[in-house]
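Enquirer: Would you mind keeping the following structure in view while I ask a few things?
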Amino acid sequence: LDLDASALLHLQRLTPDAREQELRNFLGGFDFRGNRADATIRPFSGGEKARLALAVLAWQRPNVLVLDEPTSGIDPAGRQDIWALLQRFKTDSPERAVLLTSHDMNEADMLGTTGARCSPTLPSPLTPPPLCPGFPPGDRLVVMANGHVHAEGSSLFLKRRWGLGYRRRERHCRR
């Protein structure tokens, strides 16, 4: 992002022939309305800059968004806004996909909730449950460590299989 440009100017640079009102309407969907669309973005918060980055990407109508920790360092309200925008991006067109990395299971829950799976119990912990007849394929979560896949499935499947929280092992030494 160009910190000395406005949100409106970012989109005008991408499509100089677009009508200004069309650009303003689009930016309004990302909560950049009125003077906020015309202001330079340098003083914007991290969440506002992240929203603008998503707006710039969405304006280009890609079929796939690849995001690395999209809400890292953003306040809770900003995170909710970005999650809502990403959900809207996915549901606006069936051909669209969002691929993201996150260490936050809440984020995975919010963005990976369209699928349904039949069974939480399987012979192998690495095998995801089969798709239920009549349900869409849905979103998949993959747990990786050191470059290897350790688990895959829906959010609900992973929680049922691996638990809801952290596991901590402690050793107590006697002196």
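Rule-based calculations on the coordinates, nothing more; no lab input. Just so we're clear, the structure is a prediction, and the values are computed from it rather than from any experiment. Here Cβ is always computed from backbone atoms with ideal geometry, including for glycine, and neighbour counts include all displayed protein chains.
Enquirer: Under a 5 Å amide H to amide H cut-off, with H placed in plane at 1.01 Å, what residues pair with Ser154 once short-range neighbours are removed?
Expert: Amide H neighbours of Ser154, under 5 Å, 5+ apart: Leu141.
Enquirer: Still on this model: Taking K and R as +1 and D and E as -1, what net charge do the other residues with C-beta under 15 Å from the C-beta of Gln80 add up to?
Expert: Once all neighbours under 15 Å are counted, the net charge is -4.
Enquirer: Decide, for segment 45-112, between rounded, prolate and oblate: order the square roots of the alpha carbon gyration tensor eigenvalues as a ≥ b ≥ c, take rounded if a/c falls under 1.5, and otherwise choose prolate if a/b is larger than b/c, else oblate.
Expert: Verdict is oblate for segment 45-112.
Enquirer: Local charge sum around Gln12 (other residues, Cβ-Cβ under 15 Å, Lys/Arg +1, Asp/Glu -1)?
Expert: Details: positive: Arg13, Arg19, Arg24; negative: Asp2, Asp4, Asp17, Glu20, Glu22, Asp38.
Local charge sum for Gln12: -3.
Enquirer: Which whole-Hz ³J(HN,Hα) couplings does segment 65-73 yield from phi under the Karplus relation 6.51 cos²θ - 1.76 cosθ + 1.60, θ = phi - 60°, glycine and proline marked x?
Expert: 10, 10, 10, 10, 6, x, 10, 4, x
Enquirer: Right, another one. In terms of the Cα gyration tensor, with a ≥ b ≥ c the square roots of its eigenvalues, is segment 1-57 rounded because a/c is under 1.5, prolate because a/b exceeds b/c, or oblate?
Expert: Note, shape of segment 1-57 comes out prolate.
Enquirer: Which of the three applies to segment 1-99, rounded, prolate or oblate, going by the alpha-carbon gyration tensor with a ≥ b ≥ c and a/c under 1.5 meaning rounded?
Expert: In terms of gyration-tensor shape, oblate.
Enquirer: Pop out the ³J(HN,Hα) list for segment 37-47 in order, Karplus 6.51 cos²θ - 1.76 cosθ + 1.60 with θ = phi - 60°, rounded to Hz; leave Gly and Pro as x.
Expert: Calculated HN-Hα couplings, in order: 6, 9, 6, 5, 8, 3, x, 5, 6, x, x Hz.
Enquirer: Would you grab the residues whose amide H sits under 5 Å from the one on Val98? Only those 5+ places off in sequence or on another chain, please, with H modelled 1.01 Å from N.
Expert: Distant-sequence amide H within range of Val98: Leu65.
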